[in-house]
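Structure record follows, encoded as structure tokens.
The numbers here are math on the coordinates, done by the rules we state, and not lab data. The structure presented is a predicted model; accordingly, all values stated were derived computationally and were not measured. As a convention, Cβ positions derive from the backbone with ideal geometry for all residues, glycine included, and neighbour counts pool all protein chains shown.
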Amino acid sequence: MSSSTEPKVGGEAAQSVVDTAAPVTSVASKSPMQLAMARLRKDKLSLIALGFVLFFVVIGLTSPLVTHFGWIDPLTTNQDLVDPFGRPVDKWGGISLSHPLGIDSIGRDLMSRLWSGVSLSLFIALSGTALAMILGVVLGIVSGVTGGWTDAIIGRIIDLTLAFPQTLMLLALASTGLIMVQKAFHTPAGNPTAAVYLIVVLGLFGWTGIARIVRGQVLSLREREFVHAATMMGASKYRLYFREILPNLWAPILVTFTLMMPAFVSAEAALAYLGVGINAPTPTLGNILNDSISYADLVPTFFFIPGFTIAAIVVSFNLLGDGIRDALDPKGHQ
Amino acid sequence: MADTDESQTDGQNSVDPSEVEDAPSLDEVLQQSHKPTELDTTAPPVLTVDNLRMYFPVHSSGVIRRKVGDVQAVDGISFEILRGGSLGLVGESGCGKSTAGRAITRLYKPTGGSAKFGDRDLVKLSTRELKPLRRDVQMIFQDPYSSLNPRHSIGSIIGAPLRIHNMVPKKQTLSRVQELLEVVGLNPEHYNRYPNEFSGGQRQRIGIARALALQPKLIVADEPVSALDVSIQAQVINLLQDLQKEFDIAFLFIAHDLAVVRHFCPEIAVMYLGKIVEIADRETLYQRPNHPYTQALLSAVPDVKQAAIGGRRERIMLEGDVPSPINPPSGCRFRTRCPLAREICAKVEPPMVQIGPRHKVACHFAGELGNHPHDPVTARMLGVDNDGNPDPGATPTEIEETPGFNDVWFDLKERRTVKPS
Ligand SMILES: Nc1ncnc2c1ncn2[C@@H]1O[C@H](COP(=O)(O)OP(=O)(O)OP(=O)(O)O)[C@@H](O)[C@H]1O
Ligand code: SF4
Ligand SMILES: [Mg+2]
């Protein structure tokens, strides 16, 4: 097999094996990912969930635009629309043509607030998820491939993180944390700092699950012969980690991602209720819900509409995650 | 999978001799298409393995993990592979064949010994120094279902070694990949397909193409056919044989029974619990094995020629299990299962002695089946009496254990070193 290969190469070999050479057919090739997508397309429930997810993503993405052009206005109060008790003067929570979802207790347009709230909440959840995923995947791969001391240390860090009384610490450390974030990232005081604080906290406490999953997968992948084959080829560490092993981790990464997003959306809401996070009047799903709770029995729409929005986000992401898991691992659920 | 024309098997040990007695044996199938590979004994060695050892540490459980012992997976094996030759490495599951192959190809860092490839010692090289040598020494893996990354198309699987070593200009990668696919008898148009679209035999061909991409001089094939159907085993072995002739590649061919290597390997080494117990050319090993373990292994191989010369050999059933390589038996490692074991076997380890032009055996009672000597042939050279106790009167002779073969050897009948005329 010199560099100039004679046409005869494999002549003899081809002779003896010609029976196994498949005829030329133009069947389109399908990668495992494409096969999974084909399975997902057959799954009605997941498709509906995907529709909702896409809807919320579009909402999130368009919010800055529509605000910029003044098509929605989440901040202007309309005191004339509410009575002194904070109830809308009109019926149905003040639902009207100019306020399709009604108004809140100081007369702000609920649809505008939800629109930008979804945007900000999703942004925070997405950034937190991204941070947690990057931390978790990298530490999980390193832990699994390297083994030994590195693995042991990362394992202990995970235990420590899990043992941390998260919510309590969050509340106790909120003010110090905000100052630390402000110093570290030079964010303007107020909401930007609060947002970064939330993201960092969500990320730092959220990575352990995916790290464990990835580590477990890597431990089994590491023994697969294609990893040995890559080593045999003289592949670099980078190639081994990111070209050979990482592509085999997309399933758990994608599934964890779709499950972590809604968890962080609810976490943001819960934290807002506890008084940590973005401050009023900037709307997030948490803030809006928080504002509405005391009016729950007075103005049902005011409470139900944001509550339903959060529920819809959580459920649709979760259903999509389950659907993706089934599509990627069709044998897992039989 | 419209074009899958090979049937698949999932089991790994699909050749159980007792089950395929009526079907043509692998050997018969192979005989029909190809002549057995012959060996040019004058060729220079490409690989010289000397006293190679590979131990895996065993740690205690608990927080403080002390080292409590070693799995002596490979414990001092020596052999030579000649240019264009192929050595079969045979032994039961767990005897350390894969470990030996992986130590030589440096998937593992060996504990000791040497493996000379040309003038370089594969054992001593660092990972960085190893990289250029990866081109010369390649491996074919056992399990075609785990040896191909399911997320890569076969074009990128076979192209990877070309890119890593910059074998061809980037633009020519695809055409080279297609060339390689054709060489191993696959459709070159299928380069953009994924492994899941191929059958076991086709996947093994892909693995072979990947190994060929670097134009190696030595290929370690770790049970390359044991996951395949018998009919497909024959096709893959034929392919390897053609490639060997075409490109002058030397092979270390690992297998767990003697039937598979017979056709392909003119020389065979039999391994037991980390050590080579007998190594010989094909004719000698199959017709006049001298080690009780080889004899037992061979008695399990259905054999056409033997049927012609008076029935199959009596099947020798070995009793008991293979002992643990963490704590192997003293003396001869085979003694716990050997029908001939005597006192000396527990006390002294039998040295590897050359007993023919291309025949070495490690047994105190080496001899042809039914003709094993009554007293140990090795006692005198080891300086011990027949029970293995040190004999002050005897003068031990220097036993030279070289990886290759000498032109003088120890004659078992005359019990002295002879030089053939
Ligand atoms: N990485 C490892 N760590 C510890 N022990 C190992 C390791 N790899 C192999 N062993 C042990 O070494 C011994 C030899 O294993 P090896 O895989 O080389 O056997 P083998 O002859 O290839 O068997 P098989 O026919 O099943 O493939 C076994 O006892 C095995 O448990
Ligand atoms: S040395 Fe003894 S125990 Fe070992 S194979 Fe020979 S006869 Fe059997
Ligand atoms: Mg093996």
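Quick notes on this structure:
- In chain A, excluding the sites themselves, the longest stretch lacking any of the chymotrypsin sites (Phe, Trp or Tyr not before Pro) that are in a DSSP loop with at most 16 other Cβ atoms within 10 Å is A:86-334.
- Nonlocal amide H pairs with B:V353, under 5 Å, H built at 1.01 Å: B:V361, B:A362, B:C363
- Against the rule of thumb 2.2 N^0.38 Å, how large the Cα Rg of segment B:288-418 comes out: 1.13
- Among the chymotrypsin sites (Phe, Trp or Tyr not before Pro) found in segment B:53-149, not one is both in a DSSP coil and sparsely packed, with 13 or fewer other Cβ atoms within 10 Å of its Cβ.
- DSSP loop trypsin sites (Lys or Arg not before Pro) with at most 16 other Cβ within 10 Å: longest gap in chain A: A:92-330
- Inter-chain shielding of B:212-223 (mean C-beta neighbours from other protein chains, 10 Å cut-off): 1
- The sum of -39500 (n - 2.57) across all DSSP H runs of n ≥ 4, divided by the residue count of chain A, sets its helix-only mean residue ellipticity at 222 nm to -22500 deg cm²/dmol.
- Taking other Cβ atoms within 10 Å as a rough exposure proxy, A:V142, B:V184, A:V181 sort from fewest to most as A:V142, A:V181, B:V184.
- Diffusion of the protein assembly as shown by Stokes-Einstein, at 10 °C in a medium of 1.306 mPa s and with Rh set to the Kirkwood radius over alpha-carbon pairs, works out to 51 µm²/s.
- Note on chain B: helix-only mean residue ellipticity at 222 nm, from DSSP H runs of 4+ residues weighted -39500 (n - 2.57) and normalised by residue number, equals -7500 deg cm²/dmol.
- Table column - 3J(HN,Hα) (Hz), segment B:284-292, Karplus curve with 6.51, -1.76, 1.60, x for Gly and Pro: 4, 5, 7, 9, 10, x, 10, 9, x
- Residue exposure sequence - A:T282, B:T417 - by fewest surrounding Cβ within 10 Å: B:T417, A:T282
- Least to most buried among A:V58, B:V236, B:V301 (fewest other Cβ within 10 Å first): A:V58, B:V301, B:V236
- Placed amide H near B:V277: partners under 5 Å, 5+ positions off or other chain: B:V270, B:M271, B:Y272
- Average other protein chain Cβ within 10 Å of Cβ, residues B:181-191: 5
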